[in-house]
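Chemist: What follows is a structure written as structure tokens; I'll ask about it next.
The values are calculated or read from the model by the stated rules, or taken from the named source; none is laboratory data. For clarity, every value in this text was computed on a predicted model and none was experimentally measured. Glycine gets a Cβ as well: all are built from the backbone with ideal geometry, and neighbour counts include every protein chain shown. Just the protein is used for accessible areas: all its heavy atoms, side chains included, with ligands, DNA and RNA removed. Shrake-Rupley method; radii C 1.70, N 1.55, O 1.52, S 1.80 Å.
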Amino acid sequence: MRNIFLYACMLVAMQVSAQSSYLTAKGQRFIDSTGREVILHGLNFVNKDKAKGYRYADDSLSIVKMRQWGINCIRLGVTWDALEPAPGQINEAYLQQLDERIRWAAQQGIYVLLDMHQDLYSNKYANGAPDWATLDEGKPHYANPDAWDDSYFLSAAVQTSFDNFWQNKPAPDSIGIQDHLVANWGILAKRYAAVPAVIGFDLMNEPFIGSNVSKVLQAFVHTLAQGVKLSEEEVMRRWSNEKEKAYLMQRLNDTALYKHLATGPEQYYAEFERTQLIPYFLKAAAAIRAVNQQQLIFIEPSVSANFGVNTHIAGFLQQGKTFGGIAFAPHAYDIVTDTRSVAASSSHRMQIIFHRLDSVRQVMNVPMLLGEWGAFYATDSSVLPAGDVIVKTLEQLRCGEIYWSYFNSLDKMDYFPLINRAYPAAVAGTLQEFHYNRQKMNLEIAWENDPDVTAPTIIYFPLPPYKIKVSGSR
């Protein structure tokens, strides 16, 4: 066993890794071409602005900065609206932009996960599908400028658009809209099959249940009203008021109540995953594997799993055993995310979320990459305690993670040390544990050496070290 204790007040940035071949899945670990276990530590890199061509003006400089911060993976958002602006017409210029960003990342030793990103389903409402694939049937759209994601629960247009996608309703060319997106995965998988920097394909960002969310909302309000001993009408009134919502969230620090709350709508999400989400994943995975046997397929559960509702997405493996190369890519957010109370994140709620996600990983026995966490945006140092809890849990799980999200001044934020932290990027053997204490600036790692792996263990440090102590035996 090799144990390393690293004490650092000033640490030095190292190139994390270089891709010479494909990343693979071995049990619950990501393995590189040399046989080393890889810990993916990344940033979401997504521009949702159509007017800017869905890209940043300084993409290449941004990726160089990421390498300096110790990032070894980016989750690169792909926008369906840009990829297929008209039915069956693929935008080659947009693909060339993706080529360029992937090339820049590879030059910096950074892996790329291609993410079919969506928010509120469509570019018509936020980001994602083109207008021609947005079959909202003329239903009204609700938009709250202070809480964009309210539209998932309150917009009939968004819900109907999802319903018609899951039902594969025909596009203007009479081909199902879901079939169009599946075909796009085949195009992407074929295009990047010979590009080892691309580790795989995230089949849909935060899949949403559609109009059956009304049943979810009813179950949520009913359970919460019982738990806090208020009428359902009063719960709805308070949840709609920012200050009074904080009171309800504080009551949800009660672990038993929160678990009960997450159990109420589980049946509806389980049915959605079984009858709609998994069938889509099976079709997309088949399209990918028809042209590409190398890269990994990353599957996300229903967006409800972000907040601790049990997911039944493990059923995908029972039907897709022949695909191989599967990874689990959930997200984890406390219910205070995107509110003014983000610093009041509950460690109890986050423990429930992570425990349930890890249980799925154990059942599936595949690597887990947390595709999103954080979303601290322009907050101050008040979020550091909540962030420390998340980072510590991620270290205990020894899973990969990708922070949401990159922006140009990210390194100026008080919480940046949560991202720019020491970690083992590639280990010549089996990683057993690691922990970085950002206050004391020390890193402890333990792993079991593999004598067949001759490539070096790579550890990232933010600043030059004062002192390094190595103990253990080969």
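Chemist: Within the set of other residues whose C-beta is less than 12 Å from the C-beta of Ala183, count the net charge using Lys and Arg as +1 and Asp and Glu as -1.
Modeler: -1
Chemist: Let me ask something additional. Run the numbers on the range 78-200 and let me know its relative contact order in percent, using alpha-carbon pairs under 8 Å that are six or more apart.
Modeler: Relative contact order, the range 78-200: 25 percent.
Chemist: Measure off, as a whole percent, the carbon and sulfur share of the 1.4 Å-probe accessible area of the range 360-474, all protein chains present.
Modeler: Answer for the range 360-474 is 51 percent, counting heavy atoms of protein chains only.
Chemist: Calculate the dipole size of the chain relative to its Cα centre from +1 charges on Lys and Arg beta carbons and -1 charges on Asp and Glu beta carbons; express the result in debye to the nearest 20.
Modeler: 1140
Chemist: Now for a different question. Considering Cα pairs under 8 angstrom that are at least six residues apart, work out the relative contact order of the chain and quote it in whole percent.
Modeler: Here the relative contact order equals 25 percent.
Chemist: Which of the residue pairs Lys283/Lys321; Lys50/Lys245; Lys52/Lys124; Lys229/Lys259; Lys124/Lys243 have a Cα-Cα distance greater than 23 Å in the structure shown?
Modeler: Cα-Cα > 23 Å for Lys50/Lys245; Lys124/Lys243; rest within.
Chemist: Hey, another quick one. Over the range 339-447, what is the mean sequence separation of C-alpha contacts under 8 Å (at least six apart), divided by residue count, expressed as relative contact order in percent?
Modeler: 24
Chemist: If the chain between Ala286 and Ser409 were fully stretched, how many nm would it gain, using 0.36 nm times the residue separation less the Cα-Cα distance?
Modeler: Length gained, Ala286 through Ser409: 40.3 nm.
Chemist: Moving to a separate point now. So what are the three principal axis dimensions of the chain from its Cα atoms, in whole Å, longest to shortest?
Modeler: Result for the chain: principal-axis Cα extents of 64, 53, 43 Å.
Chemist: Now for a different question. Tell me, what is the per residue accessible area of the chain in Å², probe radius 1.4 Å?
Modeler: That works out to 40 Å² per residue.
Chemist: While we're here: Express in % the proportion of alpha carbon pairs of the range 219-335 at distances exceeding 21 Å.
Modeler: 49
Chemist: So which chymotrypsin sites (Phe, Trp or Tyr not before Pro) in the range 316-375 pass both tests, a DSSP loop state and at most 16 other Cβ atoms within 10 Å of the Cβ?
Modeler: Of the chymotrypsin sites (Phe, Trp or Tyr not before Pro), not one in the loops of the range 316-375 has a Cβ with at most 16 other Cβ atoms within 10 Å.
Chemist: Membrane-span-like helices in the chain: DSSP H runs reaching 27 Å or more (Cα, own axis), mean Kyte hydropathy at least -1.0?
Modeler: The qualifying helices: there are none.
Chemist: Using a cut-off of 11 Å between beta-carbons, work out the net charge of the residues near Glu242 (Lys and Arg +1, Asp and Glu -1, Glu242 not included).
Modeler: Summing Lys/Arg as +1 and Asp/Glu as -1 gives +2.
Chemist: Could I ask something else about it? Counting Lys +1, Arg +1, Asp -1, Glu -1, what net charge surrounds Leu257 among other residues with beta carbon under 14 Å of its beta carbon?
Modeler: +3
Chemist: Work out the FRET efficiency for Val64 and Arg103 from their Cβ-Cβ distance, taking R0 = 22 Å, and round it to the nearest 0.05.
Modeler: So, using R0 = 22 Å, E works out to roughly 0.95.
Chemist: Tell me, what % of the accessible area of the range 126-275 is carbon and sulfur with a 1.4 angstrom probe?
Modeler: Whole-percent figure for carbon plus sulfur exposure: 53.
Chemist: Please label the shape of the range 166-243 as rounded, prolate or oblate, based on the square roots a ≥ b ≥ c of the eigenvalues of the alpha-carbon gyration tensor (a/c under 1.5 means rounded; beyond that, a/b larger than b/c means prolate, else oblate).
Modeler: prolate
Chemist: While we're on this one: Please work out the Cα center distance from the range 274-347 to the range 164-222, rounded to the nearest Å.
Modeler: The range 274-347 and the range 164-222 have Cα centres separated by 11 Å.
Chemist: If you don't mind, another one. When the accessible area of the range 291-334 is computed with all protein chains present and a 1.4 Å probe, what percentage of it is carbon and sulfur?
Modeler: 51
Chemist: Further, regarding this structure: Shape of the range 86-154 from its Cα gyration tensor (a ≥ b ≥ c, root eigenvalues): rounded if a/c is under 1.5, otherwise prolate when a/b > b/c, or oblate?
Modeler: It is oblate, given that a/c is not under 1.5 and a/b is not larger than b/c.
Chemist: Moving on. Beta carbons within 10 angstrom, averaged per residue: use that to sort the peptides 111-117, 436-442, 286-292, highest first.
Modeler: Result, highest mean first: 111-117, 286-292, 436-442.
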